[in-house]
Amino acid sequence: MNEQVEELSRALGQAVGDDSLVIVCECGDLGCAEQITIPIDVYEDVRSDPTLFIIVPGHDIPDVEDIVTCHDGFEVVCKHKGSGETVARATDPRCP
């Protein structure tokens, strides 16, 4: 969903400031709709790897992912090897 938000924001010129984007937390809770403001270049860098996701601090699920970096207002998690990684790669809209 956030890839569509980014594309729409770029098309409409509605990025927050010149280089930020408001995304929805990418945690494993399907009901989570918390928003995160993130620099577009950071978002692009993180999401270039289909196993990395941007979440609100404290939304990690240790059984399936590890926190790899902490930023002001968000964390980046990586899915564990195995089924979590396989699902992440299979459902990544950026992968052909």
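Derivation of every value follows stated rules applied to the coordinates shown; laboratory data play no part. All values reported here derive from a predicted model rather than from experimental measurement. We place every Cβ from the backbone using ideal geometry, glycine too, and count neighbours over all the protein chains shown.
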Placing each pseudo-label 7 Å from Cα in the direction of the beta carbon, Ile67 and Leu30 end up separated by a distance in nanometres of 2.7
Suppose we keep just the alpha-carbon trace of segment 19-75; what are its Rg and Dmax in angstrom? 10.7, 34
